[in-house]
Amino acid sequence: VGIVWSRPNAFSHGVPFRFPGTPDTGPGLTAAGRELVQACNALGVVVDLAHLTDAGFRDVARLSSAPLVVSHAGAHALCAVPRSVTDRQLDAIRDSGGVVGVVFDTAMTRADGELDADTPLDVIAGHLEHIADRSGIEHVALGSDFDGCHPPDALADASRTPTLLEHLAARGWSRDELRAVAHGNWLRVLRATWAK
């Protein structure tokens with residue numbers, strides 16, 4: 001369950017689309033939002049923190065007994081958009097046993113926040129590596145967002161995902177690391193959440 005998109009709703013507030021910016025842009029969960037998180041935990045439903053303000057993120061982190069999940073975002077240290085995950089948030093995700101899916105959107109991964117189809121795969125790889133270095137390889141995954149973003153030409157559709165994995169291998173990623181980022185970390189977090 002995605003609590004918000006980039007607008008306020010009955011459950012919380014979403015971050016705006018802007019560059020530069022931080023996720024510290026508004027209030028956290030409403031009473032209904034807190035009830036939603038608790039109900040999801042009880043039912044074994046994944047709560048997706050993508051698009052959520054920092055205050056909302058902190059509220060979920062305090063309430064949730066499940067691994068924290070951000071399905072599609074970049075690292076704020078590399079691209080200062082409100083949708084990106086800060087290092088402090090990465091620490092909370094790691095400590096919960098959760099995962100961040102790295103988005104392929106050029107405007108959410110490039111340091112200049114530009115939509116540029118010629119963006120090299122090194123940019124996406126940089127976000128994967130920043131999160132792996134900060135949190136551990138088991139807390140980062142692919143988060144594409146093919147249905148809502150502007151990926152670089154090299155990742156124009158899902159059929160090109162192996163190109164990114166080959167690129168990571170060329171940068172020194174092992175087969176086990178590639179397996180973890182491609183699907184293993186998602187499966188671990190889903191199983192841990194569904195078992196609740």
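The values are calculated or read from the model by the stated rules, or taken from the named source; none is laboratory data. Every value quoted in this text rests on a predicted model; they were computed, and no experiment measured them. Neighbour counts are summed over all protein chains in view; Cβ atoms, including those assigned to glycine, are modelled from backbone coordinates with ideal geometry. These accessible areas exclude ligands, DNA and RNA; they are computed on the full protein's heavy atoms, side chains included. Shrake-Rupley method; radii C 1.70, N 1.55, O 1.52, S 1.80 Å.
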Exercise for the section: Using the structure shown, decide if E114 is open to solvent by 10 Å² or more (accessible area, probe 1.4 Å), without any contact (Cβ under 8 Å) to a residue 40 or more places away in the chain and in a helix (DSSP H, G or I). Expected result: no
Exercise for the section: Any chance you could count how many residues in the range 170-186 are hydrophobic (A, V, I, L, M, F, W, C) and surrounded by fewer than 12 Cβ atoms within 10 Å (Cβ to Cβ)? Expected result: 1
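Looking at the range 117-147, which of its residues are of a type in the set (D, E, K, R) and open to solvent by 60 Å² or more (accessible area, probe 1.4 Å)?
Looking only at the range 117-147, we keep the residues that are of a type in the set (D, E, K, R), and these are 118, 122, 129, 133-134, 138, 145, 147.
Scanning the range 117-147 gives D118, D122, D133, R134, E138, D147.
Within the range 33-60, track down each residue that is small (G, A, S) and open to solvent by 40 Å² or more (accessible area, probe 1.4 Å). Don't jump to the end; show me each part of the working.
The initial filter retains those residues of the range 33-60 that are small (G, A, S), namely 33, 39, 42, 44, 50, 55-56.
Correct list: A39, A42.
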Completion exercise
Pairing a residue in the range 129-145 that is free of Cβ contacts under 8 Å to residues at least 60 places away in the same chain and part of a helix (DSSP H, G or I) with any residue that is of a type in the set (A, V, I, L, M) and open to solvent by 30 Å² or more (accessible area, probe 1.4 Å), where Cβ atoms lie under 8 Å and the two sit 6 or more apart in sequence or on different chains, gives H130/A77; H130/L78
Practice task
Would you be able to tell me the number of residues in the range 148-169 that are in contact (Cβ under 8 Å) with a residue 24 or more places away in the chain, open to solvent by less than 60 Å² (accessible area, probe 1.4 Å) and in a helix (DSSP H, G or I)?
Solution key: 6
